[in-house]
Ligand code: ATP
């Protein structure tokens, strides 16, 4: 069986790490045929008129699965996030970011195993801002009952499917009584109606952050709205070695985009030192997703071989600089390939 997936290398370190991931998949014999598309600044540089070309969206709609590198988002002005636009356009409402300790990557805690589930389509990330008069700006936080209900159901379904025990909702409903208030009421309702076998708790996000850095092992699945999910994903990444080791999936009813949690890291782009592990882990998630969709156990075995190879590479001390090692992107890629 052969599968087609869309590859969007993105900007900054995106093309370097995406190439590495594709090399590892090819060496493992993963039967993926890539349709290469552009997005972000890379799209403009390739002669496209838009940051998010229609052809890219249509290719993902058609083939339903994509592996994507990060697209650069300018800070404090300029164009809006292409990453966010893609998720919204394709209605990829559920972001899943598994954060687990890796043998060989020494951090304060050895046994972190958390999954951040982030609502991907609304909240302050709606990016609706107005300067109502000079020096006065409003930023609108959007919450809809429908989106709160579906992300809650998504998180509990995920927990059941992955044999997880607990869902913790992080919120600030003491201050944002309407928006976050609705978010927790929906989560509670979905839990009480359909998922009582899963343990459930609600935590105010500031105190939750403190508990997370004091003892991440008490957490399992974390459910939160868009902006909190963005921030907490990086916090959780810091618990297990940083942005170089946390993968992600953006899932909807009709398509899925797999991408690392990290951004385009312009400070190290083009230097050949970026860690390709996060996008490689995302590619492994993609293979598992395809294997589950098509009941393809051979593909699941290929995904496991890749995971075992990078786990072994790390244990044997093969690491890029962000993890305290000295390997280049290419050297680490070859270290993984030689252990397949
Ligand atoms: P965004 O706003 O797009 O989410 P960000 O502000 O989270 O981006 P990143 O680009 O993700 O920023 O990365 C922050 C820093 O972490 C980078 O500047 C880089 O030094 C480091 N970093 C991120 N990803 C990697 C990686 N794959 N390998 C090595 N270092 C990385």
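The figures follow:
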{"item": "Qualifying residue in segment 63-73 (condition: surrounded by 20 or more Cβ atoms within 10 Å (Cβ to Cβ), under 21 Å from residue 276 (Cα atoms) and more than 17 Å from the chain's Cα centre (by Cα))", "result": "no"}
{"item": "Any hit, segment 114-125, residues being farther than 19 Å from residue 225 by Cβ and surrounded by 12 or more Cβ atoms within 10 Å (Cβ to Cβ)", "result": "no"}
{"item": "Out of 180, 206, 192, sole residue that is more than 16 Å from the ligand (Cβ to nearest atom) and over 26 Å from residue 92 (Cα atoms)", "result": "206"}
{"item": "Residue that is assigned to a helix (DSSP H, G or I), surrounded by fewer than 22 Cβ atoms within 10 Å (Cβ to Cβ), in contact (Cβ under 8 Å) with a residue 12 or more places away in the chain and within 16 Å of the ligand (Cβ to nearest atom), where the choices are 311, 322", "result": "322"}
{"item": "Residue in segment 308-319 that is under 30 Å from residue 75 (Cβ atoms) and touching a strand residue (DSSP E or B) at 6+ places or on another chain (Cβ under 9 Å) present", "result": "yes"}
{"item": "Any chance residue 283 is part of a helix (DSSP H, G or I), more than 14 Å from the ligand (Cβ to nearest atom) and in the same structural domain as residue 57 (by TED's automatic domain parsing)", "result": "no"}
{"item": "Residue among 268, 290 that alone is away from the ligand (no atom under 16 Å from the Cβ), modelled with pLDDT of 95 or more and either part of a loop (DSSP other than H, G, I, E, B) or in contact with a strand residue (DSSP E or B) (Cβ under 7 Å, 6 or more places away or on another chain) (or both)", "result": "290"}
{"item": "Breaking point among (1) closer than 25 Å to residue 291 by Cα; (2) without any contact (Cβ under 8 Å) to a residue 12 or more places away in the chain, for residue 4", "result": "(2)"}
{"item": "Some residue of segment 229-240 being surrounded by 18 or more Cβ atoms within 10 Å (Cβ to Cβ), within 12 Å of the ligand (Cβ to nearest atom), within 10 Å of the chain's Cα centre (by Cα) and within 26 Å of residue 314 (Cα to Cα)", "result": "yes"}
{"item": "Pairs where the first residue, in segment 241-265, is over 22 Å from residue 93 (Cα atoms) and the second is in a loop (DSSP other than H, G, I, E, B) and more than 11 Å from the ligand (Cβ to nearest atom), C-beta under 7 Å, 6+ apart", "result": "241/102; 241/105; 241/107; 245/102; 245/105"}
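The values are calculated or read from the model by the stated rules, or taken from the named source; none is laboratory data. All values reported here derive from a predicted model rather than from experimental measurement. A quick note on method: Cβ atoms are made from the backbone with ideal geometry, for glycine too, and the neighbour counts reach across all protein chains shown.
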